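First the structure, in the form of structure tokens, and then the observations on it.
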Amino acid sequence: MRPTINVVSDDLIDKILDEAKRVLSEIGVEVRGAQLRRRLLDHGLPMDRQSERILFPPDVVDQAIASTPRTFTLFNRDGGPHAELGSDNVHFVPGSSGLKVLDHRTSETRLANTRDFAEYVRLADGLPNIAYLATAFSTNDDIEPQVSDAWRLYLCLTHSLKPVVSGAFTEHGVPRMAEMMQLFRHDREDLIQRPMSIFTITATGMFRYSEDSCQNLLDCVECGIPIEVVPVTLMGLIAPVTLVGATVFHTSDVLAGLTMAQIVKPGAPVLFGGAPAAFHMRAATSPMIAVEALHLDMAYVAVAKSLGLPTQSYMALSEGKFLDAQAGAETFGSALLAALAGVNSVSGPGMLDYVLVFSLEKLVFDDELCGQALHFVREMKPVEDLPTVDLVRRLLDDQHMITADHTMKHWPNELYLPGAVIDRQNRENWAKAGAPTLAERTRQEVERRLAAYTPPEIDEGIEAEMQRIISAGLRGDDPLPEIPEFSNNGGNRGERRGRGRRQTRRSRG
């Protein structure tokens, strides 16, 4: 039996779905993207003449739900299967949308640059409990904003084989990024069959999809890129403060995006996602990690699972400003809830301060917390321990079970032994080791992993072509930023402009 959590009754889920479909059919959605809007009208969807909102009849929504895949597979850069999304499979992935980094060397919070992002990818590449990457934070300190999304994707593709959660931050950014990813496949159809990325489509609230979101959804689906539909449902501000009402609002937004995707291309992979938050009435902030927001996460995931749809959520993160007790408590509590709920793609590790700040130290700490959450939700079943009477006899004979055959055989799989960032020493040994604080342990682990990083091979022609694609989108004359290279002791070994380490040529796909 796998540990689970259930926060919504089946009867209430049915009522939530019925009401969400009623909202979509009677109120509708403001679809601001002209091309997508035309596709929906051409498909036969009605429009409210007064509000000009697109209406979604229940049978159209039901047909879209039926055509959405229940599972799909993400492949790595070289084309091998990497992660299956669906059922109760849980994958933790760094959070996205950060604007700044918490520098682990200076403890300064500042705008991020290319060096920061390259270090992040090199670090995340080796973390065992971070299933795949995300274009986690902006690098607008040294790259033009209109190509910064493609530049971050380039840094991921040149420094790691792991798949990527990404997205375009301009109305026409998807084709450029799709063209880059297609370089690692035989052709466009091969990229569709073996996707290496999930792109985020944000529902902007107030039952509205912006011009950017509409065009990105249309481009992603036509390019075969799986999408996660992620409403930012603000409880008490643009959604009801009550859980059931907020869940109806959230479900309506996601089903609208899912239905539009299926109208464009039936069978398009879609994650039923979200990044809900509770509006704090005193501080006027919107914490995603508020207990009410977590409850909403669990509720909409339950709705999605009742439909058999793959899921995504923003959890395993913190609103704290540093890696402290608040950050640890918020991250582990929400990571464990996500694992219990079977959320397929959990966005959050590494994030602080309302998903505005990314921390490498927190990322290595979160890797351990995510590992423990994944360990907790393993299936509980007998492992040569029923009947138990022989184990009791062994204990009574030896007064311990440390060297018992059963212990020696099973402890490597049954016990989760955390790494150095988690303090499991007794006080005497901890003091002998210099009494390292959490900040010191995580900083040392970041540097150790960066020093141990080994870059993947990449075809020089592919790398040069990605640079050309990005450069074509630049408006100014500045060259692409320099990407640092590091020696095996973590020190700077010089920099190259607009390129990572080059290896021998290799075949595609």
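General observations
- Residue check: M196 meets all listed conditions (1) of a type outside the set (G, A, S); (2) surrounded by fewer than 19 Cβ atoms within 10 Å (Cβ to Cβ); (3) modelled with pLDDT of 95 or more but one, namely (2).
- All positions within segment 147-203 that are part of a strand (DSSP E or B), under 12 Å from N216 (Cβ atoms) and in contact with a helix residue (DSSP H, G or I) (Cβ under 7 Å, 6 or more places away or on another chain): S166, F199, I201
- Residue that is surrounded by the fewest Cβ atoms within 10 Å (Cβ to Cβ) [pool: residues in segment 214-239 that are of a type in the set (A, V, I, L, M) and in contact (Cβ under 8 Å) with a residue 60 or more places away in the chain]: L218
- Of the criteria (1) among the aliphatic types (A, V, I, L, M); (2) part of a loop (DSSP other than H, G, I, E, B); (3) surrounded by 12 or more Cβ atoms within 10 Å (Cβ to Cβ), which one L386 fails: (3)
- Exclusive hit being more than 27 Å from D459 (Cα to Cα) and aliphatic (A, V, I, L, M), set L191, L183, L217: L217
- Residue list for segment 128-154, restricted to those being among the aliphatic types (A, V, I, L, M) and more than 21 Å from E228 (Cβ to Cβ): I143, V147
- Subset of segment 240-267 (residues that are small (G, A, S), buried (at least 24 other Cβ atoms within 10 Å of the Cβ) and either in contact with an Asp or Glu (Cβ under 9 Å, 6 or more places away or on another chain) or without any contact (Cβ under 8 Å) to a residue 12 or more places away in the chain (or both)): A246, S252
- Listed by position, the helices (runs of 4 or more DSSP H) inside segment 1-100 whose residues that are in contact with a strand residue (DSSP E or B) (Cβ under 9 Å, 6 or more places away or on another chain) number at least 3 are 34-43.
- Single match in S160, S148, S166 (criterion: of a type in the set (G, A, S) and in contact with a Cys (Cβ under 9 Å, 6 or more places away or on another chain)): S166
- Any hit, segment 265-277, residues being farther than 14 Å from E19 by Cα and in a helix (DSSP H, G or I): no
- Note on segment 308-323: residues that are under 28 Å from R448 (Cβ atoms) and either without any contact (Cβ under 8 Å) to a residue 24 or more places away in the chain or surrounded by 24 or more Cβ atoms within 10 Å (Cβ to Cβ) (or both) amount to 5.
- Residue, surrounded by the most Cβ atoms within 10 Å (Cβ to Cβ), within segment 336-368, restricted to residues that are touching a Pro at 6+ places or on another chain (Cβ under 8 Å) and of a type in the set (A, V, I, L, M): M351
- Evaluation of R49 against the conditions (1) modelled with pLDDT of 95 or more; (2) loosely packed, with under 15 Cβ neighbours inside 10 Å shows that the sole unmet condition is (1).
- The set of residues from segment 422-476 being in contact (Cβ under 8 Å) with a residue 60 or more places away in the chain, assigned to a helix (DSSP H, G or I) and closer than 14 Å to L183 by Cβ comprises I462, E463, E465, M466, Q467, I469, I470.
- With respect to being part of a helix (DSSP H, G or I), acidic (D, E) and either under 16 Å from the mean Cα position of the chain (by Cα) or farther than 23 Å from H91 by Cα (or both), D142 falls outside the description.
- If you go through segment 276-293 and keep only what is touching a strand residue (DSSP E or B) at 6+ places or on another chain (Cβ under 9 Å) and surrounded by fewer than 24 Cβ atoms within 10 Å (Cβ to Cβ), you end up with F279, T285, S286, P287, A290, V291, E292.
- Single match in A284, A239, A246, A256 (criterion: at positive phi, of a type in the set (A, V, I, L, M) and over 20 Å from the mean Cα position of the chain (by Cα)): A284
- Where a residue in segment 28-46 is without any contact (Cβ under 8 Å) to a residue 40 or more places away in the chain and its partner, wherever it lies, is in a strand (DSSP E or B), with Cβ under 7 Å and at least six apart: L41/M47
- Taking the criterion of being in a loop (DSSP other than H, G, I, E, B) and surrounded by 11 or more Cβ atoms within 10 Å (Cβ to Cβ), the residues of segment 389-421 that qualify are M401, A404, Y416, P418, G419, A420, V421.
- Of the numbered criteria (1) farther than 16 Å from G79 by Cα; (2) crowded, with 24+ Cβ neighbours inside 10 Å; (3) of a type in the set (S, T, Y), the one T170 fails is (2).
- Any hit, segment 100-111, residues being surrounded by fewer than 23 Cβ atoms within 10 Å (Cβ to Cβ), of a type in the set (V, I, T), modelled with pLDDT of 95 or more and farther than 28 Å from Q193 by Cα: yes
- Subset of segment 20-33 (residues that are within 29 Å of the chain's Cα centre (by Cα) and either more than 15 Å from G257 (Cα to Cα) or not aliphatic (A, V, I, L, M) (or both)): K21, G28, E30, R32, G33
- Contact map, segment 377-401: first residue in contact (Cβ under 8 Å) with a residue 60 or more places away in the chain and aliphatic (A, V, I, L, M), second residue in a loop (DSSP other than H, G, I, E, B) and surrounded by fewer than 11 Cβ atoms within 10 Å (Cβ to Cβ), Cβ cut-off under 8 Å, separation 6 or more or different chains; pairs are M380/M1.
- Test: residue in segment 82-95 that is surrounded by 16 or more Cβ atoms within 10 Å (Cβ to Cβ), among the aromatic types (F, W, Y) and under 30 Å from D125 (Cα atoms): yes
The values are calculated or read from the model by the stated rules, or taken from the named source; none is laboratory data. Given the structure is predicted, the values throughout are model-derived calculations rather than measurements. When we count neighbours, we look across all protein chains shown, and the Cβ atoms used for this are built from the backbone with ideal geometry, even at glycine.
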